[in-house]
C-alpha cells in the first residue's frame, strides 16, 4: 500500500461507495459454510467509534490469508464501504497488512482503534513513574517496580483490569493502577502523619509499590483482546493473585541485597489485596500497608463500576439500571448541570 494516493480516514467516517485507507483492529473472526457448501469468514474490524464486518467469501482471493490474521492486532487496510439492505454497512477489504510504527505519520494510533481509557496512556504511565520517584526511597524496591514496568510496558499499557468487572477496557489496568497509586500515596501520607507514634512507621514505599504491582499477575492471567480479554490456562488454574506474587518474588531475587522484610511486606500486600477470602484472597490483610492497599483497590474498582454506569446510563428515570457487581443497586443520577464548552485536561499528578 506504500505510495498509494488513496486518502487515509477513520473507519468510522467511511461512507457507502467510498474507497479509502483505514486503520482498524481485528476483533473477531467468524467461520461458516454458505448454502452452496463453500467456506467463508466474516472479520469484524473496529475503531473506537464503529465495528464493521468484512465478509470473505470463497471467491475472495484474500480468504486464504485470513487464517494468519490475529484478533487484537491493528491493521492498515484499503477498503471500500458498502451499504447492504440485508446486512447493513459492511466493508470490502482490497489490501491489508499489520500496522507498524511507520504508519504513525499517517495517523495510526492503536488506542484510537479500541474501547479504551479516556485518559492519554503515556501520561498515565509517566504519572505512575513520577510517584515511584517521589514515594519509593528504597533503591532495591524502586529498581524492582521500575524493572517490572519496563519489562511489561507494552502489555501493561493495553491490558484491561478485568474481563468484565471494573476497568474492563483497553488500558483499564494502567488507569486503575494510576488511580490507586494517587489515592494510596495520599492516604499513606495522611495516616503516617496521623499515627506518628507507629514504630516502625507506615511504609509508604511498600504501599505505593503494592498499588502498582498488585495486579501484575493479570498480564499472564488474561490474553489481551480489544473487545473482551480471555482467560489463559494459567489464569484459570492459578489466578492473578498468586501469579503476581510469583512474578514479584522472581524479579526481587535477581536484585542483590533486596531486603527480606520489604519483600515479605510487599508479597503479603499483593496476596491479600482482595481483602477477604471469599473475594479470592489467599490470606486477609495482616499489616497496615496491606489493609490500606486492599481498601483502595476495592474502592477504586467499585467507583469505576458505579461512575461508568452513571455516565453511560440511558434509562428514562432518575436511577440507573441495576448494577450486578454492586448488589443489584440502582444508582441515583442526580440533576445534570450545564457542561462547559471547553474540555479541561484531567490532572495526572
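The values are calculated or read from the model by the stated rules, or taken from the named source; none is laboratory data. Model, not experiment: these values are computed from the prediction. Cβ coordinates were reconstructed from backbone atoms using ideal geometry, including for glycine residues, and neighbour counts include every protein chain displayed.
Overview of values
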item	result
Count - residues of region 90-107 that are within 21 Å of the chain's Cα centre (by Cα) and surrounded by 18 or more Cβ atoms within 10 Å (Cβ to Cβ)	1
Candidate set from region 284-303 (those that are in a helix (DSSP H, G or I) and touching a helix residue (DSSP H, G or I) at 6+ places or on another chain (Cβ under 7 Å)); member that is surrounded by the most Cβ atoms within 10 Å (Cβ to Cβ)	293
Tally of residues being more than 25 Å from residue 237 (Cβ to Cβ) and surrounded by 20 or more Cβ atoms within 10 Å (Cβ to Cβ) across region 264-283	1
Test: residue in region 267-275 that is in the same structural domain as residue 213 (by TED's automatic domain parsing), out of contact with any helix residue (DSSP H, G or I) (no Cβ under 7 Å at 6 or more places or on another chain) and touching a residue at least 40 places away in the same chain (Cβ under 8 Å)	no
Segments classed as strands (runs of 3 or more DSSP E), wholly inside region 4-85, with at least 1 members that are on the phi < 0 side of the Ramachandran plot and in contact (Cβ under 8 Å) with a residue 60 or more places away in the chain	19-33, 39-46, 74-84
Failed item, numbered, when residue 170 is tested on (1) surrounded by 24 or more Cβ atoms within 10 Å (Cβ to Cβ); (2) modelled with pLDDT under 95; (3) within 21 Å of residue 280 (Cβ to Cβ)	(3)
Residue 141 under 22 Å from residue 297 (Cβ atoms), touching a residue at least 12 places away in the same chain (Cβ under 8 Å) and surrounded by 14 or more Cβ atoms within 10 Å (Cβ to Cβ)	yes
Cβ-Cβ under 8 Å pairs, at least 6 apart or on other chains, region 329-349 side over 20 Å from residue 308 (Cβ atoms), far side surrounded by fewer than 10 Cβ atoms within 10 Å (Cβ to Cβ) and at pLDDT below 70	none
Pair list, Cβ < 6 Å and 6+ apart or interchain, from region 220-249 residues that are not assigned by TED's automatic domain parsing to the domain that holds residue 171 and assigned to a strand (DSSP E or B) to residues that are crowded, with 20+ Cβ neighbours inside 10 Å and at pLDDT below 95	none
Residue check, residue 216 assigned to a loop (DSSP other than H, G, I, E, B) and surrounded by 19 or more Cβ atoms within 10 Å (Cβ to Cβ)	yes
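A quick yes/no check of all residues on (1) under 19 Å from residue 269 (Cβ atoms); (2) assigned by TED's automatic domain parsing to the domain that holds residue 228; (3) modelled with pLDDT of 95 or more; (4) assigned to a loop (DSSP other than H, G, I, E, B):
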residue: 102; (1), (2), (3), (4): no, no, no, no
residue: 147; (1), (2), (3), (4): yes, yes, yes, no
residue: 163; (1), (2), (3), (4): no, yes, no, yes
residue: 177; (1), (2), (3), (4): yes, yes, yes, no
residue: 196; (1), (2), (3), (4): no, yes, yes, yes
residue: 199; (1), (2), (3), (4): no, yes, yes, yes
